[in-house]
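A quick write-up on the structure given underneath.
Each value in this text was obtained by applying a stated rule to the coordinates, not by laboratory testing. Because the structure is predicted, anything quoted here is derived from the model rather than measured. Note that each Cβ is placed from the backbone with ideal geometry, even for glycine, and that neighbours are counted across all protein chains shown.
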Amino acid sequence: MGRTRTLLTALAVLASAAIFNSDSGAQTTPTDGATPTPDNAVMITIFFKHDESRPLGELNAQLEKQGYYKAFPPAGVEVVSWYVMMGIGQVVTLRLPASRLREVNRIFETTAWGAYHTEFYPTYDYKAAGIAKAQAGAAK
């Protein structure tokens with residue numbers, strides 16, 4: 001619980017920094033049309049841990065009833081990856097404007113909780129840099 005709270009606090013700080021570093025200096029209201037750009041995007045990885053005490057059909061019915069499949073993913077939020085991790089559940093990485101972080105969080109709170117236990121982690125794309133370093137190391 002403490003680690004999750006720390007990570008959520010870090011996400012809130014990142015979102016606040018992105019909002020207050022904008023040209024206007026004022027907090028803006030998120031809109032459905034906001035899309036991630038290099039100067040406003042944050043990435044988060046969400047672990048959706050299945051409630052293993054209940055069968056999958058029951059979990060899916062609960063998600064349907066709570067509107068999860070209609071709400072997630074929201075328009076304008078990029079799904080970078082979406083995997084099933086056996087023994088865990090689903091792992092989704094999103095890229096979104098920092099101003100929409102609260103909106104996305106509320107989707108999970110209102111539509112996913114109960115069927116999933118969620119954990120959030122700030123992430124960044126390291127693929128190109130990692131491959132370049134590996135290639136440079138192999139060339140030596």
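How far apart, in nanometres, would the label points at E109 and K127 be if each is projected 7 angstrom from Cα along the Cα-to-Cβ direction?
3.2 nm
Which lysines have a Cα lying under 23 Å from the Cα of K49, excluding residues fewer than 8 positions away in the same chain?
By straight Cα distance, K49 reaches K65, K70.
I want to check the label-to-label distance for A134 and Y69. Put each point 7 Å from Cα in the C-beta direction and report it in nm to one decimal.
Inter-label distance under the simple model: 3.6 nm.
By what distance, in whole Å, do the Cα atoms of segment 78-140 stretch along each of the three principal axes, largest value first?
Here the spans come out as 52, 33, 15 Å, largest first.
Set the Förster radius R0 to 41 Å, insert the Cβ-Cβ distance between T118 and T37 as r into 1/(1 + (r/R0)^6), and round the FRET efficiency to 0.05. The partial results should precede the final answer.
Numbers: r = 26 Å, r/R0 = 0.64.
Efficiency for this residue pair is about 0.95.
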